[in-house]
Amino acid sequence: MHNLESILTENRVFPPNPDFAAKARIGSRAAYDALVAEATSDYEGFWARQAREWLTWDQPFQTVLDESKAPHYRWFGDGKLNASVNCIDRHLPAKAKKTAIIAEADDGSVRTISYQQLHDQVAQMANGLKSLGITKGDRVIIYLPMIPEASVAMLACARIGAIHSVVFGGFSAEALRDRINDTGAKLVITADGGMRGGRAVPLKTAVDKAIEHGCPSVERVVMLERLGNDSATIVDGRDVLWSQLTADQPTTCEPVSVESEHPLFLLYTSGSTGKPKGVQHSTGGYLLNAILTNAWVFDLKDDDVYWCTADVGWITGHSYVTYGPLALGVTQVIFEGVPSYPDGGRFWRMVQDHKVSVFYTAPTAIRALMKLGDEVPKQYDLSSLRLLGTVGEPINPEAWMWYHRVIGGERCPIADTWWQTETGAHMIAPLPGAIPTKPGSCTLPLPGIMADIVDDDGAPIGPNQGGNLVIKRPWPSMIRTVWGDDARFQRSYFPETLKGYYLAGDSARRDDDGYFWIMGRIDDVLNVSGHRLGTMEIESALVAHPAVAEAAVVGRPHDIKGEAVVAFVVCKGERPQGADAEAMIKTLRDWVAEQIGPIAKPDEIRFGDNLPKTRSGKIMRRLLRGIAKGELPQGDVSTLENPAILEQLMGQ
Ligand code: WTA
């Protein structure tokens, strides 16, 4: 996943750029230390002050943190607010004409949307949703391309207190159906399709198929005509066009004031066991950390042009495309396409054309673009950039240095941000005007975030030793529960052995300066191109194929994707070989794409007569991980039931 050796020997330190620090919101180590000290001495007072400063409340809160139902913590519980008001209405007096969104489509065409226009579109859509009978607490699935309408749909839900659940457009009809059914959504908002790299992605067909395969809760489907090519079928009485739904609606819509704990959204993510978990986020607490981290870590100001390349189908798109930047009232770029189309200069041309000042992307994209050589970015004027961010997986020092040197011109601080779907916002990241950076480290916890590294019993671990990354105190934007499954929430994140600490599922170590270095997942979750995939989910998909008897999936380090998916498969009947094996590999890869989505396709499939198992029947994944890397199994294999299988699997 990363080059451990280079991380362990990495000792370069980059102090904050003094010009940057002079203008930064938090411009010195002393300022950071003062915030940390404030949070340590008066935890609730610290968060109450932030919540009053950054959020607009309809009804102010009196209670800050309620721990009576721990670990289901409640923040600002008696306060009321509306997220869309915080993201739009409160900016209007001063910024009605300011550009909120610069949307560049796959084909390069550009639309701009002002805060007033965003307000009007959100109000019309919110009124449209009401006309379909959607009210507070109803779940709405959003399955759209990476276009501004995705944010409009999310904010329209928030305006009326409906709970959205965005499903990434790259997930298949089957994956979509599972998510729809888990939420019990009444409505799906989709498009006829989206464009990525010059190719149309047919979203509406997937929605039709999902519903055909059984989504009893869905009453209506709203379809945006993004392609406008009549490629989609319209089901009478169920489907309504976005344009028809919104055209005659008023451009004002009274926002519904919701309790701070009212769920703003559900977002599904992979865990180590079972099906994806619906991570439930709150309104007030979530929004607070989303705003605060955009202000602190990205230092966003009124004149910035901000661009986060993540899709709204992921948490990064929620906190760093839709909610955080809009709540701060900045101008942002939204991009529908992919970094390689029409060529590998796309990102850099867009930075130049839109004068992007703060740019946030994933290590997998940086590594892929680095491979194309320095000449590509050097053709563009990147002087507008003042800060770079990365997220999603550990960044190897080589990629960090390239980002720093070639993209950042050695002047832009790099914010390596560690966080998760469940944490809602950045947890460990450098404040760019205050904290010196080291390539490959996400540096220090943000003020108010009590991150630590402990052993399996919750006891602290000294410097330079790996352990469990935990957060010892609840924070406002934390996951509230797994939708419909409190027990799974408690078991996954607050195991009894850990004294009530939040267990992130990552291992990490701290160096002598207290800097955090993330080492990877401790569970059976893979990180492929910055996307979380549960090995169990892929295994379940494989064994659902009629030809497959058994399957085990592991990760293997991959230069660009971080990790690649390797599947070991036992077929019913004879083990396929030669041309049969090749045909079966293709069948199974396509099958996984259909069951989950193309991102989960195994990079490699090996067939065995069986799998290496202990005498008690447990698959020895440690050995499979070795084999996937091409290493002869090391260590103790004496507990193995069937040692001969190793050679068979190695030999492919
Ligand atoms: C990994 C994405 C190292 C980590 C925001 C975590 C990282 C998982 C970093 C969450 C980082 C995220 N350095 N590893 N800066 N950021 N991760 O839920 O393993 O899609 O647990 O949230 O990604 O992935 P998720």
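Every number in this text was worked out from the coordinates using simple rules, so none of it is lab data. Predicted model only: the values in this text are computed from it and were never measured. Backbone-built Cβ (ideal geometry, glycine too); neighbour counts: all protein chains shown.
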Which GluC sites (Glu not before Pro) does region 314-410 hold that lie in a coil by DSSP with at most 16 other beta carbons within 10 Å? GLU410
Out of TRP75, PHE46, PRO363, whose Cα points farthest toward the positive end of the dipole of the chain (charges: +1 Lys, Arg; -1 Asp, Glu; placed on Cβ)? PHE46
Burial order of peptide ranges 211-219, 519-527 (average beta-carbon count within 10 Å, highest first): 519-527, 211-219
Gyration tensor (alpha-carbon) shape descriptor, region 529-650, a/c threshold 1.5: oblate
Summing -39500 (n - 2.57) over every DSSP H run of at least 4 residues in the chain and dividing by its residue count gives a helix-only mean residue ellipticity at 222 nm, to the nearest 500 deg cm²/dmol, of -8500 deg cm²/dmol
Report, in debye and to the nearest 20, how large the dipole of the chain comes out about its Cα centre when Lys and Arg carry +1 and Asp and Glu carry -1 on their Cβ. 360 debye
Label-point separation in nm, ASP636 to THR587, each point 7 Å along Cα→Cβ: 4.0 nm
As a Kirkwood estimate from alpha-carbon pairs, region 18-73 has a hydrodynamic radius in angstrom of 13.6 Å
With label points built 7 Å along Cα→Cβ from the Cα atoms of ILE599 and ALA30, find their separation and express it in nm. 4.4 nm
About its Cα centre, what dipole magnitude does region 173-289 give when the only charges are +1 on Lys and Arg Cβ and -1 on Asp and Glu Cβ, stated in debye to the nearest 20? 480 debye
If I histogram all Cα-Cα distances within region 388-518 using bins 5 Å wide from 0, what percent of pairs lands in each bin? 2, 10, 20, 21, 19, 13, 8, 5, 2, 0
Here the Kirkwood hydrodynamic radius of the chain, Cα-based and in Å, equals 25.5 Å
Please tell me the relative contact order of region 529-650 in percent, rounded to the nearest whole number, where contacts are Cα pairs under 8 Å and at least six residues apart. 24 percent
Taking 636-647, 613-624, 304-315, 478-489 and ranking on average Cβ neighbours within 10 Å, highest first, one gets 304-315, 478-489, 613-624, 636-647
Could you tell me the relative contact order of the chain? Use alpha-carbon pairs under 8 Å, at least six residues apart, and round to a whole percent. 14 percent
Potential lengthening between ASP511 and ARG111 on full extension [0.36 nm per residue; Cα-Cα distance subtracted]: 139.4 nm
Relative packing of peptides 252-264, 20-32 - highest average C-beta neighbours within 10 Å first: 252-264, 20-32
For region 167-263, rounded, prolate or oblate, judged on the Cα gyration tensor with a ≥ b ≥ c (square roots of eigenvalues), a/c < 1.5 rounded, else prolate if a/b > b/c? oblate
Leaving out same-chain residues fewer than 8 places away, which lysines sit with a Cα under 20 Å from that of LYS97? LYS301, LYS355
By how many nm would the segment from ASP236 to THR273 grow when fully extended, if each residue of separation counts as 0.36 nm and the alpha-carbon distance is taken off? 9.4 nm
Treating only Lys and Arg (+1) and Asp and Glu (-1) as charged, each at its beta carbon, one finds that region 585-652 has a dipole about its Cα centre, in Debye to the nearest 20, of 200 debye
Gain upon complete extension [THR497, ASN229; 0.36 nm per residue less C-alpha separation]: 90.8 nm
In Å, what Kirkwood hydrodynamic radius results for region 1-114 from the alpha-carbon pair distances? 19.2 Å
